[in-house]
Structure formats: C-alpha cells, structure tokens
Amino acid sequence: MLKRTSNNNPVSFTFEGETIPAQSGDSVASAMLAHGTQALRVSTRRKAQRGPYCMMGACYECLVEIDGKTVQSCMTTATDGLQVSRVNHEDV
Amino acid sequence: MKTYDLAIIGAGPAGMTATTAACAQGASVCLLDEQQTPGGQIYRSLNHCDEQRGAILGEDYLYGKTLIDPLSTIDADQTFGATVWRIDENGHIYFSTHGQAHRIQARHIIIATGALERASPVPGWTLPGVMTVGAAQILIKSSGLITEGAVLAGTGPLLYTVAVQLISAGSPPTAIVDTQQPANYVTAAKYLPSALARAATLKKGLGYLAKIRSAGIPFYRAAGDLTIEGSTAAQALSFSHKGHTVRLQTDNVLLHQGVIPNTQLTRSLRLKHEWNRAQRCFHPQTSDWGISSQSNISIAGDGGGIGGAIAAQAEGHVAALGALQSLSLITTEQRDAGAQPHRQTLKKEAGLRRFLDALYPVPEEVMRPSDHTIICRCEDVTAGEIRSFVKAGCTGPNQTKAFGRCGMGPCQGRYCGTTVTEILAAENKLSHDAVGAYRVRAPIKPITLGELASLTGTGD
Amino acid sequence: MQESDFAIVGGGVVGLSIAYGLLCKGKTVTIFDEHDNALRASRGNFGLVWVQGKGSKLPEYAKWTRQSAKSWKNFAAGLSDESGTDLRLQQQGGYSIYLTEQSLAERASDLQNLKAQLGGDYPFDVLGHNAIKKEEPHIGPKVAGAILHHEDGHVNPLLFLRTLSRVVRQRNAHLVTGKSVASIAPLNESQSSDSGFVITTADGAEFRSRRVVLCAGLGSKTLGQPLGFNVPIRAQRGQVLITEKMPPIINRPSDEIRQVDEGGIQIGASAEEVGADDRETLDITARLAQNAIDQYPVLAQASLIRSWAALRIMSPDGFPIYQHSRTAPGAFFVTCHSGITLAAAHATLLTDWICADQPDHYRDFNFPDFNITDFDFSAFSEERFNA
C-alpha cells in the first residue's frame with residue numbers, strides 16, 4: 001500500500017480503459033502502484049504475474065503498451081490522456 | 001553530426017561533477033541522462049523536492065543541490081530523457097529521446113552510469129508486491145509515495161536509510177529481516193581503523209540503527225532461508241531465525257543486498273573487466289584517472305566499482321581532469337594539482353568502503369540460490385536449470401543463453417548476470433574471471449526497429 | 001588415457017550432429033568443446049532448414065541439401081523421443097522475398113534452371129505481390145513478390161543445440177568442455193595404417209582415438225594442417241537482430257526474416273568479409289532493420305531486444321568440404337556454413353562415410369533408403385580448390 005505525502009497537479013490516464021489518477025512526478029508505474037495495481041504484465045514463459053521491481057528502468061518487469069509500442073512504465077511520465085494497455089504476446 | 005571534446009553519460013554525482021569540472025576548463029561538453037532531471041538515482045528528482053519530501057529524505061539527499069545547481073550556469077549541452085543505446089570505439093554515441101534516434105561524436109567519453117541494486121534471487125522474488133528497497137526510495141523521491149506496511153529484507157546501508165525515511169514519513173516498516181551475520185562484525189573489525197577517517201558517516205549509520213530500534217520495529221537479525229509466499233502476488237515473507245521459521249504476513253516486501261556497477265555500456269565496448277572479490281561483482285579496469293582499457297573511454301562513479309556518492313563525486317572530478325589532459329586541453333601539472341583534494345577524499349572513502357563491504361557481505365543463499373529459485377526474471381530460468389546446463393557441458397554465461405535463454409530477455413542480463421557467474425564458478429570450480437560474464441551488444445536498451453532503421457546510411 | 005573410437009573436435013551443431021550419428025551406430029565418442037568465449041557459429045545461426053537456391057552451381061549440393069531437409073523430420077522425431085524436447089521443426093515452406101520485379105524474375109529464372117537440372121523435381125512457386133499478401137497479411141506495399149519453396153522450413157536452433165548436447169551425454173559420449181585442443185597427431189607416422197590419434201588439449205591432457213573428425217569451424221584450419229589438410233576456409237560475418245516476443249505476425253520463414261516459436265522476430269542475412277571480427281555494427285543493423293520494415297511495415301514499432309554478429313565458416317565456393325586426410329588416414333575434415341540444414345545428413349549419411357572401412361573409395365555411393373543414387377562424395381573434397 002502506498003500513501004501520498006502531497007496532492008498536486010493531478011493528471012489522469014487510462015490503463016486497459018480504466019481511469020487512473022496520477023500526479024506531477026508520477027511515472028505510469030508509480031501511478032499504477034499508487035492506484036493499487038501491482039501486476040502489470042505476465043511473464044512470457046511461465047505466464048506468471050509480474051509488476052514493477054526496480055523502478056529505475058533496468059529490470060523490464062513493468063513493461064506496458066502505449067501507442068503500439070512496448071515501453072517501460074517506470075520510465076514513462078504519466079501525462080493526461082495517455083492510453084496504456086497490457087502487453088499482449090498472444091493475439092494480433 | 002555534433003562533435004564534442006567530451007561526452008558524459010549519466011548525470012549522477014560523478015557525471016554532474018565531471019561536466020561542471022570539464023566546462024570550467026573550457027572544454028565542449030555534452031551530458032546525457034536517461035531521467036528527465038539531473039541527479040542520478042541518489043539525487044533523483046531533487047529539482048522537484050518540496051519541504052515535506054526533503055524532511056523525509058534528509059540532508060544527504062538535499063546535499064545533491066550543490067551538484068545540480070551549477071549545471072544551470074554552465075555552457076554544456078545537457079540532454080535529459082536520453083537513452084544511450086550504443087557507443088562505438090570511434091566515439092560515436094547513439095541515443096534516443098522520445099522515440100527518435102540521434103548520433104553525436106566525442107573525442108573522449110566518460111561513462112558514469114552508476115549502479116544497480118544487486119539482484120536478490122530468493123524464492124518468490126518475482127511476485128508482484130516485491131520490489132527493491134531502492135524502488136521504494138525512488139517512489140518517495142519522484143512521487144512522494146510512501147510504502148506502508150512493508151517488510152524490508154536483506155542487508156546494507158541503503159536498507160537502513162530507507163527504513164529511517166519510512167519512519168520519518170510516518171509509515172515505519174512492519175519488520176526488518178536482516179541477513180547480516182554476527183561473524184560479519186568480526187571480519188569487518190579489522191577494517192575499522194581505515195574507516196575511522198569517516199567517523200561522521202559511521203556515526204550517522206549508528207544513528208539510523210538507533211532510530212530503527214527506538215521506533216520499536218521488529219528487527220530479525222541473522223535471518224536466512226528467505227521465501228516470499230503467494231501465488232499471484234506477495235502475501236507473506238517466511239525465513240529462519242534463531243532455529244525457528246518465522247512467517248510475516250505482508251503484501252509488500254522490499255529486498256536489498258547492496259549495489260553493483262552497471263556495466264552494460266562498458267561490456268558492450270568490450271573493455272577489460274575484473275572480478276572484485278570483496279564486492280562480489282565485475283567492474284571495468286581503470287587507471288588512476290578513470291581511463292579504461294580503451295584510451296578514449298573513462299569510467300567515473302559506481303559504474304567503475306562501488307564507492308558511494310561522495311567517492312563518485314570525487315571520481316567525476318578526477319576523470320574529467322584525466323580526460324582533459326589526455327585531450328591536451330590542460331597540462332599534466334594542472335591535472336595533478338586539480339586532482340589533489342579529490343584524491344584525499346577518495347582515500348578516505350575507500351577506507352570506509354572496505355569496512356562496509358566486509359560488514360554487509362552477500363549471503364550464500366543470494367549468491368548461489370536454491371534450485372527452484374528463478375534467476376533470470378525475463379525468461380523464467382531457475383538456478384536448477386542453470387545447474388542442469390552445467391551438467392550438459394555449459395562452462396560460461398554465454399552458453400547459458402544458448403542452453404536455456406537465460407539472459408536473453410529485455411533486461412539483457414542486468415539482473416541475472418552476476419548470479420549466473422556465481423553459480424557457474426561454483427559448479428565448474430572456476431574463478432569468476434575465468435567464467436566471465438555475458439557478452440553485451442548494442443542496443444544496450446531495447447529500441448524500436450524504426451528508431452534503428454532511421455539511421456540507415458548514417459553510420460561508418 | 002581416455003580412449004574412444006572417434007574424437008570429435010568441436011562441440012557445435014556440426015560436431016554434435018556427427019557425434020550423435022556415430023553414437024547411434026554404437027561407436028564410442030569423445031567430444032572436445034572450447035570455452036565460453038569461443039567463436040561459436042552455432043550460437044549465431046538463423047535456424048533455417050533451407051533448400052531453395054542451394055546448389056544451383058553444384059547439383060550434388062542441391063541433392064545433399066534436399067536429402068538432409070527431407071530427413072529432418074525423422075531426425076527431429078528421433079531426438080525428441082530421446083530427449084522429450086520438441087525442436088519446433090516447421091517445414092511448411094519458406095520464402096525469398098523481393099522488393100523489385102526484376103530481382104524476383106532473375107531468381108525465378110535461376111530456380112527454373114536448377115529445376116530442369118534436377119529433372120523437374122523442385123517444388124516452388126513464384127508469388128506476385130497479391131499472392132504473397134494472401135499468405136502473409138502483414139507484408140508491405142514495397143514487396144514485389146516472393147519465391148515460395150515448399151521444402152523450406154525452420155527449427156529452434158538453440159533447443160536443437162541443447163537437445164543434441166543432452167542426447168549425446170545420455171548416449172555416454174565423453175565431453176571435454178572448456179578446453180582448447182592444442183594438437184592432433186597420428187599415433188603411427190606410417191601413412192598406410194589407421195592406428196589412431198593422440199589429441200592433446202591446451203592444459204597438456206592427452207586423449208586417444210581411432211579416428212578423428214575436425215569440425216572446429218575456423219579453428220579446424222590450423223589444427224588440420226599437420227594432418228595434411230589444406231582447406232581454404234575463411235570467416236564471413238553475419239549480423240542478426242531479434243525483437244521482443246510478439247503475437248503471430250509471420251507465418252512462414254524467409255531467408256531474411258522469421259518469427260521464432262517463442263514469438264521474437266529474427267532478422268538477418270548480412271554477409272561481410274571482415275576477418276575474425278564478430279562485433280555488430282550500426283550500419284548493418286540499421287540496414288537490416290530497414291529491410292525488415294520494408295517487408296513487414298508493422299515491425300517498425302517492434303522493440304529490438306538484441307543484436308549480435310557471428311562468423312560463418314565459408315569455403316571459396318560456399319559449399320561444404322568433406323575431406324579424408326591423404327597423409328593421416330582416419331582423420332576427417334568437415335566444414336560447412338549450413339550446419340542446421342545439413343545436420344540430418346551429417347548424423348546419418350556422413351557418418352556412414354566416416355565409419356567406412358575405405359573412405360577414399362566412398363564415391364558414387366548409393367543411399368537407396370534415401371533415394372540418392374550415384375552420389376559423388378568427392379564433389380565435396382578440398383581437392384576442388386587445390387587442383
């Protein structure tokens with residue numbers, strides 16, 4: 001569980017269609033964690049749930065899809081109107 | 001293509017200091033960093049720090065302003081949000097910003113890409129809800145997000161620092177599960193005299209431990225057999241303690257086992273590396289001036305071996321002077337005189353580091369995990385599978401890729417490389433230097449094919 | 001001293017395929033494999049089991065390649081039975097994709113000629129843009145067309161390598177790993193006998209075998225000289241890209257792009273004469289990426305996870321070299337740059353030759369079980385370069 005020390009400059013984006021509130025300074029990953037969603041993807045071999053681990057762009061556990069590209073959600077600034085979805089390895 | 005005297009990769013304490021020092025001598029400098037603002041991980045988001053966050057993070061964090069502020073007054077090209085993904089021997093640097101690839105050239109390059117937290121491969125460490133202690137600190141620094149009800153497990157100075165920061169934020173950890181053993185104090189004692197030059201730092205550390213104690217946080221010392229339970233997310237941490245198994249319910253486990261150099265760029269350049277027995281990691285070989293086995297590439301800061309933020313700052317200065325001298329922009333006398341005070345700092349910090357390395361060694365269960373523990377998170381490869389590759393004739397890390405895709409995922413071996421080397425060294429009874437490490441190739445961070453293709457015909 | 005019927009110098013795909021074939025014949029085998037940083041062509045290959053275009057200048061090679069490709073199904077099934085590992089072999093055809101009508105027409109004409117030389121038995125189709133688009137919906141507008149050869153396919157090369165390693169162990173091959181072979185010497189210097197060899201590794205250890213097969217890639221050249229081999233092989237660099245795992249995008253492989261069974265898109269087909277330099281370069285990787293996007297525009301957004309370069313072992317004419325030593329009977333030299341495609345032939349037909357009482361008379365050999373008659377092994381001798 002995460003709590004915020006301050007409330008400022010709210011923005012929002014969507015994850016799989018759901019509106020996610022965020023604040024200035026948030027990455028997509030930190031906003032997801034603050035929202036209570038830890039599992040962002042499924043591992044490719046064992047199909048196990050995975051979520052942010054390093055938060056500094058090194059572990060690639062927080063991959064999501066934005067604009068058709070696979071990106072690190074911890075390295076992506078949360079901005080208004082961003083449409084984020086899970087990375088889908090299974091279907092076109 | 002823009003050309004510079006000096007390019008500096010990474011705007012942490014080493015990179016910021018090197019940039020400022022080189023500009024002061026009139027060099028043309030380019031500073032590149034992947035984050036949106038300068039500071040590195042240690043002084044991350046300091047530009048946006050409000051009073052409340054500053055109070056939580058403390059004076060060592062706020063000190064970073066003395067390094068960040070000069071950047072706004074110097075004449076260097078500074079690009080943030082820049083992911084460097086390739087460096088060629090001839091000084092060509094390729095990086096991307098907002099999905100656009102760019103190329104610059106520098107006569108000399110200082111790599112100051114810092115450290116990564118050492119992987120803590122224990123059973124269940126891949127479950128959502130398990131993060132590094134550093135990740136929890138990044139949440140505070142960047143977003144003012146405080147992890148509540150966390151169990152901190154592992155050992156090392158950063159673990160205690162973050163525990164104190166969480167206490168200051170009003171959300172003390174529910175427990176600290178420390179893997180440090182009493183024997184470590186005995187081993188470390190002989191390095192204490194050399195560490196006393198940094199008595200103030202030692203005192204600060206003791207103060208952290210006192211704060212944790214007075215906050216009444218359950219503190220399990222000499223813990224072992226860490227296992228995180230849960231099927232789709234972390235539910236509990238169990239471990240052995242004083243002959244019993246303890247189980248703590250928590251959905252948030254923060255792991256830490258110190259930090260290791262981030263060697264992706266230096267490996268991709270095929271620089272010479274060596275195994276550091278005290279720190280249990282590889283680092284690039286460097287001269288006293290930070291110059292690597294390739295004369296136009298220097299390393300400064302934790303990326304060349306773990307020394308901490310204060311040492312990184314001094315190394316940044318020394319590396320800048322060394323680079324400028326090698327470019328004939330300053331004389332040997334100017335270089336030597338300029339480096340003098342920083343060498344004093346480095347000597348003191350090295351004494352402290354030897355003590356800390358001995359005090360917080362990596363536990364066996366993390367170095368060479370049990371068979372069912374996942375080592376390669378990207379490709380879900382377990383320690384047992386790696387050992388089975390050894391039985392099939394695998395002698396080195398690059399063969400573990402061929403045998404079982406270990407290290408072939410998007411993190412490109414950042415979080416499994418050291419563990420794979422440890423396991424192979426043990427199983428094949430070889431030195432770590434003989435086992436070696438993953439061969440790293442560009443792009444050192446994934447880019448799109450479109451970004452790469454945009455450079456068609458621009459190369460050499 | 002360790003003794004075995006055969007010493008295989010080189011633990012890559014070629015060496016392991018031959019070792020496996022020999023073990024299946026009940027021979028004892030010692031395999032020598034180098035350290036982790038050896039120049040391993042087997043780690044850099046493209047995984048194709050490929051027929052089209054091969055042997056247009058040497059019909060024996062076309063026959064040999066096709067026979068191997070045809071034998072792959074049984075070969076893979078046998079390995080799967082022994083190991084429990086599915087090698088993900090797919091042989092539903094493969095493409096050469098062309099961006100201009102002219103290059104497509106030229107290629108089609110070459111293959112027509114080869115088809116005529118092979119008596120009409122060479123199943124391929126020429127697909128125009130619309131036809132290839134029907135097969136591969138993600139194909140881009142720049143693509144003029146493709147040749148679809150129905151005997152082409154691909155396999156998971158890393159699973160194959162790992163499975164071979166496991167199976168030869170299960171069959172009690174003796175593996176000497178992490179060591180370089182320093183020298184190979186005939187036990188008896190008299191040239192007529194077949195009395196065996198001493199193999200010495202860099203650390204001074206000695207091993208004895210009745211026969212020895214050199215399949216150490218580029219390393220074979222130096223090791224083979226004292227045994228009378230004079231083989232003009234050279235390194236040719238190939239660079240490869242692989243993307244993140246993606247949903248199914250590409251149905252059939254081409255000789256430049258394929259989707260591997262795990263989902264990644266593998267992109268290759270560069271060839272450079274740069275000696276023993278196995279670094280990847282910006283200009284080639286960028287060009288490979290652009291070519292992939294030209295063929296499948298959807299790939300522009302795909303994340304590139306890795307690139308790498310490896311060294312092919314090339315003979316002057318590009319064909320394999322299979323040579324029995326004239327001065328050290330019992331020593332064989334085997335090299336090719338198509339170790340995956342030819343693995344099935346190497347494990348079966350080639351090991352017949354290596355085991356033969358009189359390998360030098362192994363000409364115009366018939367493989368009735370394989371429908372190969374009047375096969376001339378000497379077509380692959382090094383003598384073709386030394387004449």
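Quick notes
- The residues of the protein assembly as shown present an accessible area of 37 Å² per residue when probed at 1.4 Å with all protein chains retained.
- Share of carbon and sulfur in the accessible heavy-atom surface of segment B:324-377 [1.4 Å probe, %]: 52 percent
- Look at the dipole of segment B:48-120 built from charges on Cβ: of B:His108, B:Thr79, B:Gly91, the Cα furthest out on the positive end belongs to B:Gly91.
- Inter-chain neighbour count for A:71-80: the average number of beta-carbon atoms from partner chains within 10 Å of each residue's beta-carbon is 2.
- Rounded to the nearest 20, the Cβ-based charge dipole of segment C:213-283 about its Cα centre (Lys and Arg +1, Asp and Glu -1) stands at 280 debye.
- Here's the picture: charge each Lys and Arg Cβ at +1 and each Asp and Glu Cβ at -1 in the protein assembly as shown, and of C:Ser378, C:Ala344, C:Gly44 the one pushed furthest to the positive end of that dipole is C:Gly44.
- Partners for B:Lys65 among lysines (Cα-Cα distance below 22 Å; same-chain residues under 8 apart left out): B:Lys141, B:Lys204
- A full extension of the chain between C:Ala131 and C:Asn172 corresponds to an added length of 9.8 nm, given 0.36 nm per residue minus the alpha carbon distance.
- Nearest-ten-degree value, helix B:199-214 long axis tilted from longest Cα axis of chain B: 40 degrees
- Amide H contacts for B:Val381 (H built 1.01 Å from N in the peptide plane; partners 5 or more residues away or on another chain; cut-off under 5 Å): B:Ile375, B:Cys376.
- Most mobile of C:Thr65, C:Thr85, C:Thr30 in a GNM of chain C (Cα contacts under 10 Å): C:Thr85
- If R0 equals 45 Å, the separation of the Cβ atoms of B:Leu206 and C:Gln2 corresponds to a calculated FRET efficiency of about 0.15.
- For the protein assembly as shown, share of DSSP beta bridges that run antiparallel, in % to the nearest 5: 65 percent
- Relative contact order of chain B, pairs being alpha-carbon contacts under 8 Å that are 6 or more residues apart, as %: 18 percent
- Unit charges on C-beta of K, R, D, E only; dipole of segment C:73-124, Debye: 60 debye
- Percent of Cα-Cα distances greater than 18 Å, calculated over segment B:1-133: 59 percent
- Normalising the Debye intensity of chain B to I(0), with uniform scatterers on Cα atoms only, and taking log10 at q = 0.06, 0.10, 0.11 Å⁻¹ returns -0.26, -0.74, -0.91.
- For the pair C and B, the buried accessible area comes to roughly 3500 Å² in total, with a 1.4 Å probe and the value rounded to the nearest 100.
- The tail of the calculated P(r) for chain C beyond 28 Å holds 46 percent of all Cα-Cα pairs.
- Around the Cα centre of the protein assembly as shown, unit charges on the Cβ atoms of Lys, Arg, Asp and Glu (plus for the first two, minus for the last two) sum to a dipole of about 1940 debye.
- Rough spin-label spacing in nm, given labels placed 7 Å along Cα→Cβ, for C:Gln102 and B:Lys272: 5.2 nm
- Partner aspartates and glutamates for B:Lys211 [C-alpha distance under 20 Å; skip if fewer than 8 residues away on the same chain]: B:Glu59, B:Asp60, B:Glu148, B:Asp178
- Against chain B, whose longest principal axis is taken from its Cα atoms, helix B:309-326 shows a tilt of about 30°.
- Residues whose amide H comes within less than 5 Å of that of A:Leu2, counting only those at least five positions distant or on another chain, are B:Glu148 (H built at 1.01 Å from N in the peptide plane).
- Computed from the alpha carbon atoms alone, the convex hull of the protein assembly as shown holds 174 Å³ per residue.
- Helical content of chain C, expressed as a calculated mean residue ellipticity at 222 nm, amounts to -8000 deg cm²/dmol (DSSP H runs of 4 or more residues, -39,500 (n - 2.57) each, divided by residue number, nearest 500).
- For the residues of C:160-167, the average number of beta carbons from a partner chain within 10 Å of their own beta carbon is 4.
- Taking the protein heavy atoms of segment B:119-257 in the context of the full set of protein chains, the accessible area attributed to carbon and sulfur is 58 percent at 1.4 Å.
- Peptide A:5-16 shows a mean partner chain C-beta count of 2 within 10 Å per residue C-beta.
- Listed pairs C:Lys27/C:Lys73; C:Lys27/C:Lys57; B:Lys272/B:Lys401; C:Lys70/C:Lys134 exceeding 30 Å between Cα atoms: C:Lys27/C:Lys57
- Measuring nothing but how far apart in sequence close Cα pairs (under 8 Å, 6+ apart) lie, relative to its length, segment C:223-373 scores a relative contact order of 25 percent.
- Looking at segment B:331-414, none of the chymotrypsin sites (Phe, Trp or Tyr not before Pro) sits in a DSSP loop with at most 16 other Cβ atoms within 10 Å of its own Cβ.
- Listed by chain and number, the lysines placed with their C-alpha closer than 16 angstrom to that of A:Lys69 are B:Lys445, C:Lys245; residues fewer than eight positions away on the same chain are left out.
- 10 Å-binned pair-distance histogram of segment C:79-214 (Cα, whole percent): 10, 22, 19, 18, 20, 11, 1
- Convex hull volume per residue in cubic angstrom - Cα atoms of segment A:10-85: 83 Å³
- Given charges at Cβ of Lys, Arg, Asp, Glu: segment B:119-257 dipole, positive-most of B:Ala135, B:Leu145, B:Gly170: B:Gly170
- Out of every Cα-Cα pair that segment B:346-390 contains, those further apart than 15 angstrom amount to 58 percent.
- Taking Cα atoms only, the orientation of helix C:282-295 departs from the longest principal axis of chain C by about 50 degrees.
The values are calculated or read from the model by the stated rules, or taken from the named source; none is laboratory data. Note that this is a predicted model, so its numbers are computed, not measured. Reconstructed Cβ throughout: ideal geometry from the backbone, glycine too, with neighbour counts over all protein chains shown. Accessible surface is based on the protein model in full, side chains and every heavy atom, while ligands, DNA and RNA are left aside. Shrake-Rupley method; radii C 1.70, N 1.55, O 1.52, S 1.80 Å.
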